[in-house]
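Each remark here refers to the structure printed beneath this line.
Bear in mind these aren't lab numbers, they're just calculated from the coordinates by the rules spelled out. These numbers were taken from a predicted model, which means no experiment stands behind them. No Cβ is skipped: glycine too gets one built from the backbone with ideal geometry, and neighbour counts run over all protein chains shown.
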Amino acid sequence: MTSRFHTGPDGKTRYITSDGDTVDHIAWKFYGRHQGTTELILEANRGLANRGLVLPAGVEIILPEAPPPKPKPLITLWS
């Protein structure tokens, strides 16, 4: 199986979709999370949202660098 992720000539990471891919699933596969990263992908790929929720095969998507996830606050039961 070949990777659908590759680096373009401009140094940006790209992904080639297969039938049934969704932006949030691609975000999860690449970044390990989708909260905040789905929006980054949509902002970097204007018009991608117009293709619908389920993407067709062969769409090249730019995957921008994402800031590290914010740490979750520590909750303690006793002060």
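Points worth noting:
- Residues of region 31-65 satisfying the condition of being of a type in the set (Lys, Arg) and within 17 Å of residue 20 (Cβ to Cβ): 51
- Region 43-64, subset part of a loop (DSSP other than H, G, I, E, B) and among the β-branched types (Val, Ile, Thr), residue surrounded by the fewest Cβ atoms within 10 Å (Cβ to Cβ): 54
- Total residues in region 65-79, condition under 11 Å from residue 37 (Cβ atoms) and either of a type in the set (D, E, K, R) or surrounded by 10 or more Cβ atoms within 10 Å (Cβ to Cβ) (or both): 3
- Of residues in region 4-31 being part of a helix (DSSP H, G or I) and hydrophobic (A, V, I, L, M, F, W, C), the one surrounded by the fewest Cβ atoms within 10 Å (Cβ to Cβ): 28
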